[in-house]
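What follows is a single structure, written as structure tokens, with notes after it.
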Amino acid sequence: MNMRTNSISFFFGASFLLATVSVAYAQTDITQQPYVPRQLTVPADRPYTVAPDTAFVAGNDVLIPLFTKLDERWAQVEPNVQFKKIMMGSTLSVEGLVSEKSAFGPIGRGNRRPEEDQFIQRFGYPPTYLKIGYDSNPNNKLSTGIWVNASNPITKITLAQAASIFTTGGRSGDITHWSQLGVEGEWGPVPIHPYVTRDTSAILAMIDEMRDKFGGNPFSAQVEWMPTEESAIDAVAQDAYGMVLMDYWNNTAPMNGVTTWARLKDLGPRIKFVPMVIDDKGTLSDGTMEGPLHPMASAIGININRVPGKPLDPWLKAYCEFLLSKDVQDILGSPEMRKVGFRPLQPGEAAEELKKIE
């Protein structure tokens, strides 16, 4: 058998193995299945190939602790496929794909509309976003969610109720008074004073992500827009009937990695985080690292350029399956990653993500 025949046999053998493994993953819960090594290689003719079997990757710096661990595990199972990474911000996730210089783009949130528009303008179809987990409590802060004055008797809120307060046009109608949340007595007939901040510490994309969690409807006219996060949380601390939709926050201690709340000492005890459930049958989350995943937790994942109707390169498809496998989901669920704020996918979610690469 000559060298050409050997190469053809290896190609078809590897393709058959990849197809067999993919079918096996599709028929089981991939998060409970270890990744199966496949002796992969990176095509030399791809724009993102910067050295033999080395792909360039651009993405978000928030994910550096996670992808450092993932790279270590990947090197153990697929040593022939290596990465050269630049991790400086979420916008690089899509920009790297648009330039065709990046093989995939790690991102610590969902895509923003302008980012998807940029990709669609370049290729004529949207990027494929593969969710691999969640960033729920970065730097030990409480999850994105709802805060009220500490004197407020409310004990929980559903995602749908919050959506009906802060956005308008939803099928369940708008919520404007405390009685609509089951708050009785003198609070019931009083209007809710909703606040949203215009600037979430320069992460303006968070405002879009919050609205997306609520179904994408426009913000309500009753919302009072505050100039900064601090001014918004200050307002609720001094407004008994206020409610604020906040990015990650903490009212009990200085926050690691961000400017300390100037009025933490005097106003910290005057606000409280409202536990949230997706619906009446969901599990109540108190927004902490120890509790269940909060309904407003940010997704984390990667963007890939998948041409509709065409298969992904075998190495990239295998890498996507690796991210959904037990290897990676166990890392995401480890105490080390929990301290950073990351969490694995919820039961059943991996099956939906797998459909995006089939």
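The values are calculated or read from the model by the stated rules, or taken from the named source; none is laboratory data. This structure is a prediction, so every number in the text was calculated from the model and none was measured. Neighbour counts run over all protein chains shown; Cβ positions are idealised from the backbone, glycine included. Ligands, DNA and RNA are excluded from the accessible area calculation, which covers all protein heavy atoms including side chains. Shrake-Rupley method; radii C 1.70, N 1.55, O 1.52, S 1.80 Å.
Below, the figures for the structure above:
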quantity: Additional length obtainable on full extension of the chain from T155 to D280, 0.36 nm per residue less Cα span; calculated: 43.7 nm
quantity: DSSP bridge orientation in the chain - percent antiparallel, rounded to nearest 5; calculated: 65
quantity: For D327, solvent-accessible area (1.4 Å; no DNA, RNA or ligand), Å²; calculated: 20
quantity: Probe 1.4 Å, accessible area per residue of the chain, Å²; calculated: 46
quantity: Mean Cβ count within 10 Å, highest first, over the residues of peptides 85-93, 265-273; calculated: 85-93, 265-273
quantity: Per-q log10 I(q)/I(0), the range 200-358, q = 0.09, 0.10, 0.15, 0.16 Å⁻¹ (Debye; single scatterer per alpha-carbon; no solvent); calculated: -0.42, -0.51, -1.02, -1.12
quantity: Formal net charge of residues neighbouring A318 (Cβ-Cβ distance under 11 Å; K, R +1; D, E -1); calculated: -1
quantity: Rounded Å value of the spacing that divides the Cα centres of the range 102-121 and the range 41-91; calculated: 17
quantity: With DNA, RNA and ligands ignored, accessible area of M243 (1.4 Å probe; Å², nearest 10); calculated: 0
quantity: Size of electric dipole in the chain: Cβ of Lys, Arg +1 and of Asp, Glu -1, about Cα centre, debye, nearest 20; calculated: 720
quantity: Ratio Rg/Rh [Cα only; Rh per Kirkwood] for the range 88-132; calculated: 0.91
quantity: Centroid-to-centroid separation of the range 329-358 and the range 211-285 [C-alpha atoms, Å]; calculated: 26
quantity: Given K213/K272; K131/K317; K281/K355, the pairs whose alpha carbons are separated by over 18 Å; calculated: K213/K272; K281/K355
quantity: Exposure ranking of H177, H294 by accessible area [1.4 Å probe, largest first]; calculated: H177, H294
quantity: Percentage, to the nearest whole number, of Cα pairs in the chain over 39 Å apart; calculated: 23
quantity: Fraction of accessible area attributable to carbon and sulfur, the chain (%, probe 1.4 Å); calculated: 56
quantity: Environment charge at A221 (Cβ cut-off 15 Å; Lys +1, Arg +1, Asp -1, Glu -1); calculated: -1
quantity: Relative contact order [Cα under 8 Å, 6+ residues apart], the chain, whole percent; calculated: 25
quantity: For the chain, with +1 on Lys and Arg beta carbons and -1 on Asp and Glu, the positive-most of P194, P344, V236 along the dipole; calculated: P344
quantity: Sparse-neighbourhood loop sites, chymotrypsin sites (Phe, Trp or Tyr not before Pro) in the range 296-358 - DSSP loop, at most 14 other Cβ within 10 angstrom; calculated: none
quantity: Computed over the range 115-236, Cα set: Rg, Dmax in Å; calculated: 16.8, 57
